[in-house]
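Participant: The structure is given below, and queries will be raised subsequently.
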Amino acid sequence: MKILLKKILFMILIIHQINNHAVDVYKNLGSAHIGEQLHKKWTMMVYIAADNDLFYFAWNNIRQLAQNANLDINIIVYLNEPGPHKKTQIYLIEKNKATLLNKDNQEKLNSGDPRTLISFCNWVIKNFPADNYFLDLWNHGTGWADVKYKAINPSSLFIFNPDTLMLELDRNIRYLDMLDQVQMEKIQRGICFDDTYKSYLNNQDLEYALAAICNEGLKGAKLAIIGMDACLMAMVEIANICKKYANILVASQEVELGQGWRYDSALEPFSTGNHVSKEEFATHLIKSYYDTYFSITSDFTLSAVNLDNFQTIEENINTVATLLLECLQNQRGQSVKYIIRQCRRHICFEEPSYIDLMSFYKRLTLNIDKFVLQSNTHLVSQLKEALENGTKLIKNSIIANTYGSNLSHAHGLSIYFPEQNMLNSYQKTEFAQTNQWYNLITYYNMMQ
């Protein structure tokens with residue numbers, strides 16, 4: 001018992017010391033350690049939060065980055081590996097080379113602390129100037145929904161089909177059901193899980209970090225691209241946060257295999273020496289993802305979303321939700337709810353409450369004439385117009401999109417729409433607080 005107590009006290013001391021030194025790693029890591037860096041076209045900040053069961057893939061991805069590193073792009077990697085004594089590592093990635101920049105560091109930072117992400121990004125921005133900045137968050141992801149500190153290795157959700165020699169998702173498993181539902185109610189969503197600290201970035205953490213990076217590091221400018229090499233993050237609720245801090249979001253609607261992105265092929269556009277625009281870079285990331293997975297599995301997605309006018313999509317969702325809510329309140333029998341239920345089926349992902357927004361819009365448009373209303377029949381024509389406008393807005397916002405043959409309904413953006421038992425924490429998200437979508441699914445779930 002004494003030995004166990006000593007171990008616990010020692011771990012508490014270690015964590016306390018690490019928290020107190022969260023920024024010190026960067027304070028002593030100035031330009032003298034890295035040399036004078038020329039202004040480049042791109043700087044890529046890869047935040048590899050690998051203090052979890054994905055760490056097996058971290059070094060392979062770093063090797064891929066080094067394979068196609070180019071003089072036109074700075075690539076800086078933050079790396080946390082498992083174990084309380086494994087210090088945080090910062091690497092400059094060059095052609096077939098990874099240079100450790102913080103050799104003197106003896107501290108392990110908390111990847112799930114927004115201050116860690118802020119300090120890393122602001123230090124990189126200061127020391128590796130560029131025209132465009134790409135922040136890549138490498139880790140587990142759970143969409144908008146947060147969990148008790150617990151993450152699922154997405155590879156465990158795939159099964160091998162000997163008939164097709166392909167990996168397939170086990171659709172009998174509900175992603176969120178595998179997590180702790182009670183604790184999930186307390187917070188909103190998670191990315192960048194850290195096993196040592198039992199922490200991750202939730203909604204508020206992500207927004208806080210991105211705001212500080214853009215306001216302090218970028219002096220009010222935006223990141224060119226936020227990439228999320230993680231599961232289930234291509235959601236309206238996530239784009240709602242990122243729209244203020246980036247031009248483009250690259251993420252997956254579906255779960256990702258543990259290998260994640262193929263970084264050597266992702267960097268191929270820089271091998272030509274030509275200028276690579278943010279749209280071209282994002283589009284190539286989608287192509288690279290398709291090339292990597294189309295022969296391995298039919299269950300994959302990746303999309304690039306233009307965030308510059310994303311507010312118009314949110315306004316459209318608000319209009320659609322308002323009109324659908326009125327239709328539900330004026331329906332005869334269960335005609336409207338029945339159609340909504342049918343339209344949201346079979347357009348979901350490994351987590352059934354995450355549905356494809358455009359597919360939902362298209363199905364509603366095709367079936368809206370089946371609504372039977374007691375009054376206000378003009379609602380049908382107004383709703384149809386809003387759905388058609390929304391479909392165009394979504395289509396125009398998707399810069400590039402790819403999906404496996406099992407996910408042909410994936411058009412690039414998901415949204416939360418549970419069939420029943422909406423998580424209470426959803427109302428705490430900024431999107432739910434500012435959009436009638438929350439009231440729509442609340443009323444829908446209350447109806448018998």
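Participant: Starting at the first residue of the range 211-217, write each ³J(HN,Hα) from the Karplus equation 6.51 cos²θ - 1.76 cosθ + 1.60 with θ = phi - 60°, in whole Hz, x for Gly and Pro.
Facilitator: Taking θ as phi minus 60°, the curve returns 4, 5, 5, 6, 6, 8, x Hz for the range 211-217.
Participant: With a Förster radius of 25 Å, plug the Cβ-Cβ distance of L366 and M446 into 1/(1 + (r/R0)^6) and report the FRET value to the nearest 0.05.
Facilitator: 0.40
Participant: Where does the Debye-calculated log10 I(q)/I(0) of the range 252-299 sit at q = 0.16, 0.29 Å⁻¹, using only Cα point scatterers of equal weight, no solvent?
Facilitator: Results for the range 252-299 at q = 0.16, 0.29 Å⁻¹ read -0.48, -1.15.
Participant: Could you run the Debye sum over the Cα atoms of the range 305-426, one equal point scatterer each and no solvent, and tell me log10 of I(q)/I(0) at q = 0.11, 0.22 Å⁻¹, two decimals?
Facilitator: -0.38, -1.38
Participant: Roughly how many Å² is the accessible area per residue of the range 318-448, as a whole number, for a 1.4 Å probe? Before the final figure, lay out the partial values.
Facilitator: Details: 5780 Å² over 131 residues.
Per residue, the range 318-448 has an accessible area of 44 Å².
Participant: To continue, here is another question. Once label points are set 7 Å from the Cα along Cα→Cβ at both E94 and Q106, what is their separation, rounded to one decimal in nm?
Facilitator: Those two pseudo-labels are separated by 2.9 nm.
Participant: Hey, another quick one. Per-residue counts of other Cβ atoms within 10 Å, averaged by peptide: what ranking do you get for 359-371, 376-388, 201-213, 241-253, highest first?
Facilitator: Result, highest mean first: 241-253, 201-213, 359-371, 376-388.
Participant: OK, next. Figure the gain on full extension for S408 and T434 (residue separation times 0.36 nm, minus the Cα-Cα span) and round it to one decimal in nm.
Facilitator: Length difference between fully extended and current span is 6.3 nm.
Participant: At most 10 other Cβ atoms within 10 Å and a DSSP loop assignment: could you name the trypsin sites (Lys or Arg not before Pro) in the range 38-98 that fit?
Facilitator: K95
Participant: Next question. Enter the mean projected area of the convex hull around the alpha-carbon atoms of the range 275-328, in nm², rounded to one decimal.
Facilitator: About 5.9 nm², averaged over all directions.
Participant: Another question, then. Go through H346, Q427, S381 and say which Cα lies farthest out towards the positive end of the charge dipole of the range 342-446; charges sit on Cβ, +1 for Lys and Arg, -1 for Asp and Glu.
Facilitator: Towards the positive end, the residue furthest out is S381.
Participant: Rg and Dmax of the range 333-377 over Cα atoms: what are they, in angstrom?
Facilitator: Cα radius of gyration and Dmax of the range 333-377 are 11.8, 39 Å respectively.
Participant: Hey, another quick one. Give me the number: length gained by fully extending Q37 to E268, i.e. 0.36 nm times residue separation minus the C-alpha to C-alpha distance, one decimal in nm.
Facilitator: 80.9 nm
Participant: Amide H to amide H under 5 Å from G227: which residues, 5+ apart in sequence or cross-chain, H placed 1.01 Å off N in plane?
Facilitator: Sorted by chain and number, the residues that satisfy this are L135, D136, L137, V250.
Participant: Based on the Cα gyration tensor of the range 222-339, what are the three equivalent ellipsoid semi-axes, each the root of five times an eigenvalue, rounded to whole Å and given largest first?
Facilitator: Numbers: eigenvalues 244, 73, 21 Å².
The answer is 35, 19, 10 Å, longest axis first.
The values are calculated or read from the model by the stated rules, or taken from the named source; none is laboratory data. Here the structure is a predicted model, which is why all the values come from computation and not from measurement. Glycine also receives a Cβ, built like all others from the backbone with ideal geometry; neighbour counts cover every protein chain displayed. Only protein heavy atoms, including side chains, enter the accessible area calculation; ligands, DNA and RNA are left aside. Shrake-Rupley method; radii C 1.70, N 1.55, O 1.52, S 1.80 Å.
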